[in-house]
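The values are calculated or read from the model by the stated rules, or taken from the named source; none is laboratory data. Just so you know, these numbers come straight off a predicted model, no measurement behind them. With ideal geometry, Cβ positions are generated from the backbone for all residues, glycine too; neighbour counts draw on all protein chains shown. When the accessible area is computed, the model is the full protein with side chains, heavy atoms only, and any ligands, DNA or RNA have been set aside. Shrake-Rupley method; radii C 1.70, N 1.55, O 1.52, S 1.80 Å.
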Amino acid sequence: LIGLSCEPPAAELCVRRAMSSEPLLKDSPREDKKREKNIFEEGPAPSVGAKEVMLKLVTDAANNRAKLRKTVQKCCADPDSTEYKTVQERLHKVVKEFVDNQDNDVNDLTDCLAQLIYLAPVAAGILFDLLLEDLEKNNPLQDLHSKPHLEIKGIWGIVMNDPMIAVYTNTDLKGKKEIAENHELTNANRDPNVYEVTRKRCVVSNIMDLDIIQALAYTNEVQIFAKESVQALLFCAWRPMMVPMVRIQTCLALLDLAAVLAWGLTTAKGTVFDRFWWSKTHDSRDGKWLVAHDYPADAWKIGTGMQHVYAYNSPRHVPSCWNVLAASALRQVIALIFRTITFWERWRTAKKRQKAGEEKPGEEGSLRVFWGWHPFFLMITNGQPLLLIFKSGFLILTIGKSEQVMTSAEQSMLCATFFFTVAALLTPYRVVMSKISLSLMSIKKAVLDDDAFYFVIFISVIFIFFILAWEIIDRENTFLFALVQGFRGLIVGDGDGLDFLGLKTDDDTVRDEEAHKFKAAFGIIGMMLFFTYLMQLLIAIFSNTYDKASKYVWLHFHQARAQDLRDAILGLHKFRLDTKFMNFMKYLKVHHAFCSPWIFRNGFLIFMVGLLMQVVVHLVPQQMFHETLYFLGSLVSVFALTWGAILMESSPFMGEEIDDDWFPATTDKLKERHDLYVFTRADYDEGLFLGEDQLEAQVESIRENLDKLGDKFKAIETMIHKRVLDKKSC
């Protein structure tokens, strides 16, 4: 069921509910007597309390998501209709009643919203838009003679302009010009980066909830990311948190990249980057070079494959580069452990809520689904674990070695470390709003599309079977050789591969034996099947999936932002409010050192001290130090690099006060009230993000306007005709 459905999380939920002896979400006792309508259904407003209204939406989403989606879309199809405004007023009244009731916890409201995103994303997106209150109606700016305008410029001026500016603050921005740092409302001018904006505020305070972000990151119905309110949730965290985090991680990745390149492109006992300046080819089996470096002349074939040493390999003992990479690996291990622990805490909290729901009818418990094992493995299966594996393996192979030259295995591990370091350097930029990022996102989604993925698996299985069948008749070559040559011939169409498959036709190679004739026939059939048919079909499938991915690329782009935000909060926000460490720091009255801007300054200072220690380690010969002192110095420098980087990575999530934490530990309840203000460009159009044809939409709009104009002409004609008849009758 999960494999066939286009909505795996919902299918999984249905399976679990079907196998369970009790319903996942229990209906309110009121429903035993009379079914209460939800807030979107026609008729009078629900007579139950505010909390029951929100739980009713969650229950309807779990029981019949399609019906709820149709009901919501029907009543909210036209934002200018009376029905839409009536539902919005009802919803705002419910939220106000929910917040004003002392017995209710605001976290219950955000939990309901998170579950709605998971259970019925389309309906949840419409509901989120309904939660935005228009500030222009109730509190217009008195000193602006025209509609408010705002400069919305891409970061560094080289990326695309954002569709909005969203601010999450504990300050009341009603009637204020200055909405954020370097952003101020103004009048219209000729600057192309100044747009007319609408001003809105979310009626739900403290809506930046980690459960909501996780639900957005895990959902399969990406259409929700076309909604103005959902994008506002991401934009309000992108500029103040994610942009500084990307800058910091880019600098750290560049340092790792410099260390790997300096190590890998330098030959043993050579100058730094001397591999760049070669003007002729070198023999990797040069016996004289190996003897000059205290190795046998045939060291490239002595011992096992892990022990082979080739000429002109990199030096094995480079303490400064090793310390930099060790600090980087240690930092990544700490982030992975911290992300796992934080994820487990969220799962445990959801489990407690499930148990509480079994005792209290009406309480929700589906949070555990998107904080379960499947979302966790989806979160950690990226390039970071592979980078950590290769980097750690390389560091283990080279630690404490006295030999001067790397083995071929160590050189290969260093090569893999460089490759995944480059991938880690480029990964954050896939969510930078630029055309390159959108193209990369389309390519990624096209490659990972189910149609293309399963067809590639099918071709791979058929190819393996073909090579196995070939090995039965070929008694000369190894299986690995057959795989490589078969790939070159059947997949790429290379000449050497076709010769291997018996398609070489000169007289010297033609043999008068049945096996050779069968090889030639078998090779021709394989060539026709793979290269002529299956590969062309695969290209067509990729073309189709790329067109589909390009259509919805903006939606996938914003979901990738939600996933990066989730990963950063879980793994990099290590000094959260109400943790044991921060409570101890508050007890010692040194918690201000972990607030902005001091946390970044302290981290940068510590990191630079560790970096300067590497300069000393690199320039001063090891013989000048005592062995114990040298070891302790390296250990302290690694610790300084690691601790300084951790402080800098955590700095974007820390406020000027310790209580100004958007994502505290153990609870989602903030110390202060925060409101979400949204300043959206007046030309904001959901159709752009949904991949709708803009030209077709414009033509349809012109047709509708012409139809309306025709109706008006008909009304005028009828009125004139009536008056003429009245005059004739008189």
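Give the residue that is most open to solvent (accessible area, probe 1.4 Å), with candidates limited to residues of the stretch 226-252 that are more than 14 Å from F653 (Cα to Cα) and in contact with a Phe, Trp or Tyr (Cβ under 7 Å, 6 or more places away or on another chain).
Filtering the stretch 226-252 for residues that are more than 14 Å from F653 (Cα to Cα) and in contact with a Phe, Trp or Tyr (Cβ under 7 Å, 6 or more places away or on another chain), the one most open to solvent (accessible area, probe 1.4 Å) comes out as K227.
Out of the stretch 279-307, which residues are more than 30 Å from M613 (Cβ to Cβ) and crowded, with 16+ Cβ neighbours inside 10 Å?
W289, L290, Y295, A299, W300
What number goes with the only condition from (1) hydrophobic (A, V, I, L, M, F, W, C); (2) over 28 Å from R247 (Cα atoms); (3) open to solvent by less than 20 Å² (accessible area, probe 1.4 Å) that L555 does not pass?
Single failed check for L555: (2).
Can you give me the number of residues within the stretch 125-137 that are of a type in the set (A, V, I, L, M), part of a helix (DSSP H, G or I) and modelled with pLDDT of 85 or more?
Qualifying residue count, the stretch 125-137: 3.
Does at least one position in the stretch 558-572 carry a residue that is surrounded by fewer than 15 Cβ atoms within 10 Å (Cβ to Cβ) and either among the small types (G, A, S) or part of a loop (DSSP other than H, G, I, E, B) (or both)?
For the stretch 558-572, residues surrounded by fewer than 15 Cβ atoms within 10 Å (Cβ to Cβ) and either among the small types (G, A, S) or part of a loop (DSSP other than H, G, I, E, B) (or both): absent.
Considering each of L330, L378 in turn, give the residue that is loosely packed, with under 13 Cβ neighbours inside 10 Å, in a helix (DSSP H, G or I), touching a helix residue (DSSP H, G or I) at 6+ places or on another chain (Cβ under 8 Å) and at pLDDT 80 or above.
After applying the criteria, what remains is L378.
Can you run down the residue pairs with Cβ atoms below 7 Å, 6 or more apart or on separate chains, where the first is in the stretch 612-641 and closer than 19 Å to Q332 by Cα and the partner is at pLDDT 75 or above and open to solvent by 40 Å² or more (accessible area, probe 1.4 Å)?
S637/M613; V638/L330; A640/I606; A640/V609; A640/M613; L641/L611
From I224, I212, I207, I248, which residue is touching a residue at least 60 places away in the same chain (Cβ under 8 Å) and touching an Asp or Glu at 6+ places or on another chain (Cβ under 8 Å)?
Among I224, I212, I207, I248, only I248 is touching a residue at least 60 places away in the same chain (Cβ under 8 Å) and touching an Asp or Glu at 6+ places or on another chain (Cβ under 8 Å).
For L534, state whether it is surrounded by 21 or more Cβ atoms within 10 Å (Cβ to Cβ) and in a helix (DSSP H, G or I).
Against the criterion (surrounded by 21 or more Cβ atoms within 10 Å (Cβ to Cβ) and in a helix (DSSP H, G or I)), L534 does not qualify.
Condition first: closer than 28 Å to A446 by Cβ and of a type in the set (A, V, I, L, M). Can you find one or more residues in the stretch 565-588 that meet it?
There is at least one residue in the stretch 565-588 that is closer than 28 Å to A446 by Cβ and of a type in the set (A, V, I, L, M).
Between residues in the stretch 434-455 that are part of a helix (DSSP H, G or I) and residues that are at pLDDT below 85 and surrounded by 14 or more Cβ atoms within 10 Å (Cβ to Cβ), which pairs lie under 8 Å by C-beta distance while being six or more apart or on different chains?
S437/Y429; S437/R430; S437/V431; L440/R430; M441/R430; K444/R430
For the stretch 60-73, enumerate the residues that are in contact with an Asp or Glu (Cβ under 9 Å, 6 or more places away or on another chain) and modelled with pLDDT of 80 or more.
K67, L68, T71, listed by residue number.
With buried (at least 16 other Cβ atoms within 10 Å of the Cβ) and assigned to a helix (DSSP H, G or I) as the only criterion, which of L336, L255 stands out?
L255
Would you call I541 at pLDDT 90 or above, surrounded by 13 or more Cβ atoms within 10 Å (Cβ to Cβ) and in a helix (DSSP H, G or I)?
yes
Using the structure shown, decide if N583 is modelled with pLDDT under 85, open to solvent by 20 Å² or more (accessible area, probe 1.4 Å) and either hydroxyl-bearing (S, T, Y) or over 25 Å from L426 (Cα atoms) (or both).
Spelling it out, N583 is indeed modelled with pLDDT under 85, open to solvent by 20 Å² or more (accessible area, probe 1.4 Å) and either hydroxyl-bearing (S, T, Y) or over 25 Å from L426 (Cα atoms) (or both).
If we scan the stretch 478-496, do we find a residue that is part of a helix (DSSP H, G or I), modelled with pLDDT of 80 or more, aromatic (F, W, Y) and in contact with a Leu (Cβ under 9 Å, 6 or more places away or on another chain)?
Within the stretch 478-496, one or more residues are part of a helix (DSSP H, G or I), modelled with pLDDT of 80 or more, aromatic (F, W, Y) and in contact with a Leu (Cβ under 9 Å, 6 or more places away or on another chain).
Any chance the stretch 616-633 includes a residue that's open to solvent by less than 20 Å² (accessible area, probe 1.4 Å) and in a helix (DSSP H, G or I)?
No, because not a single residue in the stretch 616-633 is open to solvent by less than 20 Å² (accessible area, probe 1.4 Å) and in a helix (DSSP H, G or I).
Can you spot a residue in the stretch 680-687 that is under 30 Å from I179 (Cβ atoms), surrounded by 10 or more Cβ atoms within 10 Å (Cβ to Cβ), modelled with pLDDT under 75 and out of contact with any Gly (no Cβ under 6 Å at 6 or more places or on another chain)?
no
Here are the criteria: (1) crowded, with 16+ Cβ neighbours inside 10 Å; (2) out of contact with any His (no Cβ under 8 Å at 6 or more places or on another chain); (3) over 23 Å from I380 (Cα atoms). Tell me which single one T407 does not satisfy.
All conditions are met except number (2).
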